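The values are calculated or read from the model by the stated rules, or taken from the named source; none is laboratory data. Just so you know, these numbers come straight off a predicted model, no measurement behind them. Counting neighbours? That spans all protein chains shown, and the Cβs are built from the backbone with ideal geometry, glycine included.
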Amino acid sequence: SFEKNTIIVIFGASGDLAKKKTFPALFGLFREGYLDPSTKIVGYARSKLTKEELHAKIEPHLKKPHGEKDDQKVKDFFNMTNYISGQYDTDEGYLQLNDEIETFEKSRNISKPHRLFYLALPPSVFLPVAQQLKKLVYATDGITRVIVEKPFGHDLQSARKLQADLAPLFKEEEIFRIDHYLGKELVKNLIPLRFGNKFLNSSWNKNSIQNIQISFKEPFGTEGRGGYFDSIGIVRDVMQNHLLQILTLLTMDRPISFNAEDIRDEKVKVLKSLAPISNDNILIGQYDKSIDGTKPSYLDDETVKPDSKCVTFAALTFHINNDRWDGVPIIMRAGKALDSGKVEIRVQYKNIPTGMFNTMPNNELVIRVQPNPAVYLKFNAKTPGLSDTTSVTDLDLTYENRYSDFWIPEAYEVLIRDALLGDHSNFVRDDELDISWKLFTPLLNYIESSEAPAPSLYPYGSRGPEGLSEYLKKNGFDYNGTETYSWPITSPN
Ligand code: BG6
């Protein structure tokens, strides 16, 4: 059942994130029947816009897979969606917002208000909005939920400060720290895949697994977002949050139940077992012009510092000090302006140690988060026919082929719905966040100090810095024997 008469307020409503992700996700839920038509949505931001102007900004980003049928839905959705222009740090706008909310709730005869606030805001105004929200629009006799967006701090110290500032305003159960990777279908599938399959579960440890790689590749550079990115870098942008979340779900022990706190307890436990990241075992890079000269270097972006040492590619290796994972290197690599765009997890099994099959290529379980979600297992089989050789083949679960009739929601759709239902399983808990910053802050301090080597330049559109293959090899990943194999992007139907 879905909550009726909920108020959803989006702060930062005229910004990029709201326009491209938040509103489209709300529309997607509405279109598919997962947002009750009795809901009221209010956008709030400083920009002086009319409601219609806001709608016009949002409209091009809404998905309409059912054609004309969806046009009516768009109209209905916009009828539910109002806009208030107000300042972030003075009372006036919030009083108007509160008026709007109370009038709505009264008109619906609501005894217990349910208000969801989405803070799609830059860090500079985050706290004043949280404070004003608490002061003037908080549901004292109902449910208030607040979705907050990264960055949750810049390092351990600032993250703790932010947490300390927020803690007196909202209870932990009222806060939903969004990491949109947790809403991706294949990331959500990690727990069922691992713990719901005996064969995977039994081999998911140091006895069978040699190496794990978590890779994030984007085929474009900062392109206009340089101003944001320059003080952030790839490590903060996607590794400390998105990829670490994947690592955690991939390596934690089985939670005692599906309950959000039980899941997050296990995540925290494995995070605490991670060894410090070794500064001597990293590979960092920054993209240069493409080889043909048509694509710009990072420093060509006019919004970045002219001599910026900002890291746009990094490869790091983690070790987990526990019984399950002792000695298994887990490589995390991420880069902008690379040769392709994809996010995948590659679990490489050990070789058969001795005897007749000891030269066979390693099994690999690949979980492709995007694009084209899939789970496939590379394994060895006899080459068919009168042959006594073997070859590498695969068990292939490509979602597009197997689940073509399913609606797979966007990450933001999944997570906003979870927040509406009060489910914290796929949101980041305060202690989880604290540990992640504890882990990454020394590395970030090092990378950003004068002690660290300058990032190696790599051409826009390449695999990354030159030393990458060597780095992977050094950290336990084995290319051996897989040259003749290629996994079809889509299988023939
Ligand atoms: C965001 C980062 O959190 O994630 C972006 O700030 C990155 O730099 C994006 O492009 C990737 O998300 P997705 O869903 O496109 O893989």
Matching residues in the range 70-120 (exposed (fewer than 12 other Cβ atoms within 10 Å of the Cβ) and among the small types (Gly, Ala, Ser)) number 2
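Let's see how each residue does on (1) away from the ligand (no atom under 13 Å from the Cβ); (2) surrounded by fewer than 20 Cβ atoms within 10 Å (Cβ to Cβ):
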| residue | (1), (2) |
| --- | --- |
| 324 | yes, yes |
| 327 | yes, yes |
| 331 | yes, no |
| 357 | yes, yes |
| 366 | yes, yes |
| 371 | no, yes |
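Any chance the range 420-432 includes a residue that's part of a strand (DSSP E or B) and either free of Cβ contacts under 8 Å to residues at least 24 places away in the same chain or touching a Lys or Arg at 6+ places or on another chain (Cβ under 7 Å) (or both)?
Among the residues of the range 420-432, at least one is part of a strand (DSSP E or B) and either free of Cβ contacts under 8 Å to residues at least 24 places away in the same chain or touching a Lys or Arg at 6+ places or on another chain (Cβ under 7 Å) (or both), which makes the answer yes.
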Contact list, first residue from the range 186-213 and within 11 Å of residue 365 (Cβ to Cβ), second anywhere and of a type in the set (D, E, K, R) and in a helix (DSSP H, G or I), beta-carbon distance below 9 Å, six or more apart or interchain, is 200/194; 204/194
Would you confirm whether any residue within the range 258-279 is in contact with a Phe, Trp or Tyr (Cβ under 6 Å, 6 or more places away or on another chain), under 23 Å from residue 375 (Cβ atoms) and β-branched (Val, Ile, Thr)?
no
- When you look at residue 23, is it part of a helix (DSSP H, G or I), under 28 Å from residue 124 (Cα atoms) and among the aromatic types (Phe, Trp, Tyr), yes or no? yes
request  = For the range 34-44, state whether one or more residues are closer than 12 Å to residue 83 by Cβ and among the aromatic types (Phe, Trp, Tyr).
outcome  = yes
Of the residues in the range 364-392, those that are farther than 30 Å from residue 411 by Cα and in a loop (DSSP other than H, G, I, E, B) number 7
All conditions in (1) hydroxyl-bearing (Ser, Thr, Tyr); (2) assigned to a loop (DSSP other than H, G, I, E, B); (3) modelled with pLDDT of 95 or more are true of residue 140 except (3)
The correct count of residues that are surrounded by fewer than 23 Cβ atoms within 10 Å (Cβ to Cβ) and closer than 16 Å to residue 56 by Cα in the range 1-20 is 6
Conditions (1) part of a loop (DSSP other than H, G, I, E, B); (2) in contact with a strand residue (DSSP E or B) (Cβ under 6 Å, 6 or more places away or on another chain); (3) modelled with pLDDT of 95 or more -> residue 485 fails only (3)
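One line per residue, one yes/no per condition, for (1) out of contact with any Leu (no Cβ under 9 Å at 6 or more places or on another chain); (2) more than 17 Å from residue 460 (Cβ to Cβ):
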| site | (1), (2) |
| --- | --- |
| 210 | yes, yes |
| 218 | no, no |
| 221 | yes, no |
| 225 | yes, no |
| 228 | yes, yes |
| 240 | no, yes |
| 247 | no, yes |
| 254 | yes, yes |
| 262 | yes, yes |
Picked from the range 26-53 (must be part of a helix (DSSP H, G or I) and touching a residue at least 60 places away in the same chain (Cβ under 8 Å)), the residue surrounded by the most Cβ atoms within 10 Å (Cβ to Cβ) is 26
Within the range 338-373, residues being over 18 Å from residue 477 (Cα atoms) and without any contact (Cβ under 8 Å) to a residue 60 or more places away in the chain number 5
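Residues of the range 338-361 being of a type outside the set (A, V, I, L, M, F, W, C) and either modelled with pLDDT under 95 or over 32 Å from the mean Cα position of the chain (by Cα) (or both), which ones? Full working, then the answer.
Within the range 338-361, the first condition is being of a type outside the set (A, V, I, L, M, F, W, C), and the residues that meet it are 339-342, 344, 346, 348-351, 353-355, 358-359, 361.
Correct list: 351, 353, 354, 355, 358, 359, 361.
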Within the range 132-162, of all residues that are in contact with a Gly (Cβ under 8 Å, 6 or more places away or on another chain) and not small (Gly, Ala, Ser), the one farthest from the ligand (Cβ to nearest atom) is 143
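For residues that are in a loop (DSSP other than H, G, I, E, B) and free of Cβ contacts under 8 Å to residues at least 24 places away in the same chain, scanning just the range 99-128, find the one that is farthest from residue 164 (Cα to Cα).
From the range 99-128, those in a loop (DSSP other than H, G, I, E, B) are 108-113, 120-122; that's our starting set.
Within this subset, residues satisfying the condition of being free of Cβ contacts under 8 Å to residues at least 24 places away in the same chain are 109, 111.
Numbers: 109: 36, 111: 32 Å.
Here the answer is 109.
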Scanning the range 54-98 residue by residue, those more than 22 Å from residue 36 (Cβ to Cβ), of a type in the set (S, T, N, Q) and not in a helix (DSSP H, G or I) turn out to be 85, 87, 90
For residue 201, the lone unmet condition from (1) assigned to a helix (DSSP H, G or I); (2) within 18 Å of residue 436 (Cβ to Cβ) is (2)
Residue pairs within 6 Å by beta carbon, gap of at least six or interchain, first lying in the range 237-260 and charged (D, E, K, R), second more than 16 Å from the ligand (Cβ to nearest atom) and at pLDDT 95 or above, listed first then second, are 253/266; 254/195
